[in-house]
1. What shape does the range 102-213 have by the C-alpha gyration tensor, where a ≥ b ≥ c are the square roots of the eigenvalues, rounded means a/c under 1.5, and otherwise prolate means a/b greater than b/c and oblate the rest?
2. Exposed loop sites here are GluC sites (Glu not before Pro) in DSSP loop states with at most 11 other C-beta atoms within 10 Å. What is the longest stretch of the chain lacking them?
3. Over the range 65-213, with every protein chain in place, what whole percent of the accessible area is carbon and sulfur at 1.4 Å, could you tell me?
4. So what is the calculated 222 nm ellipticity per residue for the chain, using -39500 (n - 2.57) for each DSSP H run with n of 4 or more, over all residues, to the nearest 500 deg cm²/dmol?
5. If you take the charge dipole of the range 142-184 about its Cα centre, with +1 on Lys and Arg Cβ and -1 on Asp and Glu Cβ, which of Pro175, Thr165, Thr150 is farthest toward its positive end?
6. So if I restrict to the alpha-carbon atoms in the range 164-212, what is the Rg, and what is Dmax, the biggest pairwise distance, in Å?
7. Considering only DSSP beta bridges with both partners in the range 78-181, what is the antiparallel share in %, to the nearest 5?
8. Given a 1.4 Å probe, how much area per residue of the chain is accessible, in Å²?
Amino acid sequence: SHWDGSLEEVPGTEVTNKQLAKYMIYLQNLGCHNINFVTPTHFVPQILAALEIALETGLNLPLVFNCGGYESEEVIELLDGIIDIYIPDAKFSSDEVSKKFCDAPDYFSNLKKILKLMYKQVGNLEIINGIAKKGLLIRHLVMPNDTAGTEEIMAFIAKELSTDTFINIMDQYRPCGEAYKFREISRTITENEFEDAIKTARSFSLHRFGLSN
């Protein structure tokens, strides 16, 4: 059994590259602050083709790549100089845990390579007048019984990326779907678990947080 961040099925509509480009310009004209691509890895070739059209017709908003962190190095390398803001999840540091819940025993080793690539491309998050313009923002969902392995994740970020890395520490884990079958993730987190996660991050001199609570 595998656990995913969401089990919802969202209906979609097929669009051409030109239509996607028009949507981007439309959003820009509405006054949006960025173009946010969510879980877009499998659509990267189409996105790049649409971006070529959109850029030629005046698109100048920051481009956001919003993903789960389990990415292909080749894809991230393709996006060098194109994506302005990366927003990956940092879910698990234990191979055993990521294998059990996501069938991805190499999740953390892959994540570390991907975060380094992203950081090399865009650096620390730059915020101007309250609006993110460029950089890396890492999301970390605190899990019950420290299933996420927060300390190892925060240690890696501080030591291998930067203590100025912007991290969104989130407390909204809710068991759903098959999560109830597993004792360690069958409940919400406690207030102490959330506070401990923040203390852990601060213990590594991390200090830029978007606390979701």
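The values are calculated or read from the model by the stated rules, or taken from the named source; none is laboratory data. Quick caveat, the model's predicted, so the values are computed rather than measured. We place every Cβ from the backbone using ideal geometry, glycine too, and count neighbours over all the protein chains shown. Keep in mind that these areas ignore ligands, DNA and RNA; they rest on the heavy atoms of the full protein, side chains included. Shrake-Rupley method; radii C 1.70, N 1.55, O 1.52, S 1.80 Å.
1. prolate
2. Free of exposed loop sites, the longest segment is 15-213.
3. Its accessible area is 46 percent carbon and sulfur atoms.
4. Values: 7 runs with 77 residues, N = 213.
After summing the helix terms and dividing by the residues of the chain, the value is -11000 deg cm²/dmol.
5. Ranked along the dipole, the leading option is Pro175.
6. 13.0, 38
7. Of those bridges, close to 25 percent are antiparallel.
8. Per residue, the chain has 55 Å² of solvent-accessible surface.
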